Amino acid sequence: MKPSRNHLTRCRRCGAPICWALTSANGRRQPIDAEPTEAGNLAVMSGADGVLYVRAVTAARPDIRPGEWQAMPHHATCTSPPPRRSSSSGQRARSGVRPAPWAR
């Protein structure tokens, strides 16, 4: 099964066709590749409200149910991904009040 045309859009970075889906775990938006693939680790389905929903295919739930199709997250296949943020570069941001040293 493929997503309908009204779900398709293009990636801003690489121009590939993608769909936006809501994750079933927390309701956040996730870009997925528009083409279904057997190598995908996501199960995508269209809800009764017309919105695409996505869940991870895990060892606990490896089956693809009727009405679902397998897809890859677009972050894994984008040819021009955004630069990664490194937490080790520079000093860590500090907040709060630094205690004064003990006076003798």
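The values are calculated or read from the model by the stated rules, or taken from the named source; none is laboratory data. Note that this is a predicted model, so its numbers are computed, not measured. Methodologically, a virtual Cβ is constructed for each residue, glycine included, from the backbone with ideal geometry; neighbour enumeration extends over all protein chains shown. The protein model used for the area step is the full one, side chains on, heavy atoms only, and it has no ligands, DNA or RNA in it. Shrake-Rupley method; radii C 1.70, N 1.55, O 1.52, S 1.80 Å.
Only one residue in 10, 28, 55 is out of contact with any His (no Cβ under 9 Å at 6 or more places or on another chain) and either farther than 24 Å from residue 79 by Cβ or surrounded by 12 or more Cβ atoms within 10 Å (Cβ to Cβ) (or both), so which one is that?
55
Let me confirm something: among 23, 37, which residue is surrounded by 11 or more Cβ atoms within 10 Å (Cβ to Cβ), without any contact (Cβ under 8 Å) to a residue 40 or more places away in the chain and more than 12 Å from the chain's Cα centre (by Cα)?
None of the others qualify; the one that does is 37.
Could you check how many residues of segment 40-52 are open to solvent by less than 30 Å² (accessible area, probe 1.4 Å) and without any contact (Cβ under 8 Å) to a residue 12 or more places away in the chain?
So the count comes out to 1.
Does residue 17 meet the test of being open to solvent by 30 Å² or more (accessible area, probe 1.4 Å) and in contact with a Leu (Cβ under 6 Å, 6 or more places away or on another chain)?
So residue 17 passes the test.
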